[in-house]
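What follows is a set of notes on a single structure, which appears directly below.
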Amino acid sequence: MPRTLSTVESAVHLLERFDADHTEWTLSALARHLNQPTSTVHEALSTLAAVGLLQRVGRGRYRLGWRLLKLSSALYGSLPWYAPAHDAMERVARRTHCLAFLCVREGERVLCVARSVQGRGGPPVAGELDFELPAHATASGKLLLALAGRPLPPQAAAFTPQTVTAPDAWTREAADIRAAAFAQTQDEWAPGTGSLAVPIRGEGGAVLAALGVSLPSARLRERDTLLRALRDAADEVSWALGFRGQAPGPRRAAGPGPVLPEGGAPAESPAHGHTPDP
């Protein structure tokens, strides 16, 4: 593992505590959350605020700073596929009434870089805001690993009895994913959760991102309809980016791909909130 600066790692860890559910933190609350001395956290907050990555609002409260917006704009500007892919993600969410996602692979990690505004009915559920995903237990992760020819991640955790943790089983599933050009999960990251994902490709067929949806496992009986929506959106973006493998337009039902339980529909899942599983 490359040598890293602990101060930079700590700063990144602190910045990641700010998300859609925690847009502001007080010094004392953040210190408790991080289980660090107040003086240490105060020093970090003051430094990040001084360089514009955070801003102080009110008495002892902090939120993300405008400099991060500048950095994010520079990042998105360097990714010509991001804007059309993001628009496609929102269209999929409106069409399917599912949470939709964009994910990318960074080395051995799979990162969820965007989630839809639509499809967020009901209270927040665990995992909804996760940035780094378990690659072997999410459809987007499986798709990106399989299309890159990557092995099962070392020490792949078994989140449920359905999680794929055996290298031989992954080799077979990865071959199926490459042949079908989509991936799915069912109760593999959390009980009651399913997901589907298809690739967005650029010129020459390079895989740029995975476009996926998260849904209750029972909705996997709608797999063909959901895959049609995903593929239509992904094909439109890929075509605009120069990929000529599949012209945009109406699609037939999905091909073989990963197999559902006997009868074509998953068993009913517990009637509780599901963990979004990109």
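Per-structure values
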{"quantity": "Top-ranked residue in the range 145-164 [being crowded, with 18+ Cβ neighbours inside 10 Å and small (Gly, Ala, Ser); ranked as farthest from Val198 (Cα to Cα)]", "calculated": "Ala156"}
{"quantity": "Test: residue in the range 199-214 that is of a type in the set (Lys, Arg) and modelled with pLDDT under 95", "calculated": "no"}
{"quantity": "Residue that is modelled with the lowest pLDDT [pool: residues in the range 1-59 that are in a strand (DSSP E or B) and not aromatic (Phe, Trp, Tyr)]", "calculated": "Asp19"}
{"quantity": "Condition met for Arg91 (at negative phi and either surrounded by 14 or more Cβ atoms within 10 Å (Cβ to Cβ) or more than 19 Å from the chain's Cα centre (by Cα) (or both))", "calculated": "yes"}
{"quantity": "Unmet requirement for Leu53, which otherwise passes all of (1) surrounded by fewer than 15 Cβ atoms within 10 Å (Cβ to Cβ); (2) hydrophobic (A, V, I, L, M, F, W, C); (3) closer than 30 Å to Leu208 by Cα", "calculated": "(1)"}
{"quantity": "Search result, residues across the range 165-189 that are open to solvent by 10 Å² or more (accessible area, probe 1.4 Å) and either assigned to a loop (DSSP other than H, G, I, E, B) or of a type in the set (Lys, Arg) (or both)", "calculated": "Thr165, Ala166, Arg172, Arg178, Ala181, Asp187, Glu188, Trp189"}
{"quantity": "All positions within the range 222-235 that are at pLDDT 95 or above and open to solvent by 50 Å² or more (accessible area, probe 1.4 Å)", "calculated": "Asp224, Thr225, Arg228"}
{"quantity": "Residues satisfying the stated conditions in the range 48-88, i.e. touching a Lys or Arg at 6+ places or on another chain (Cβ under 8 Å), of a type in the set (A, V, I, L, M) and under 24 Å from Glu132 (Cβ atoms)", "calculated": "Leu53, Leu54"}
{"quantity": "Top-ranked residue in the range 31-47 [being out of contact with any Phe, Trp or Tyr (no Cβ under 8 Å at 6 or more places or on another chain) and open to solvent by less than 50 Å² (accessible area, probe 1.4 Å); ranked as nearest to Thr7 (Cα to Cα)]", "calculated": "Ala44"}
{"quantity": "Only one of Tyr82, Tyr62 that is under 30 Å from Ala209 (Cα atoms), crowded, with 17+ Cβ neighbours inside 10 Å and in contact with a strand residue (DSSP E or B) (Cβ under 9 Å, 6 or more places away or on another chain)", "calculated": "Tyr82"}
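The values are calculated or read from the model by the stated rules, or taken from the named source; none is laboratory data. All values reported here derive from a predicted model rather than from experimental measurement. Note: ideal-geometry Cβ built from the backbone for every residue, glycine included; neighbour counts use all protein chains shown. Just the protein is used for accessible areas: all its heavy atoms, side chains included, with ligands, DNA and RNA removed. Shrake-Rupley method; radii C 1.70, N 1.55, O 1.52, S 1.80 Å.
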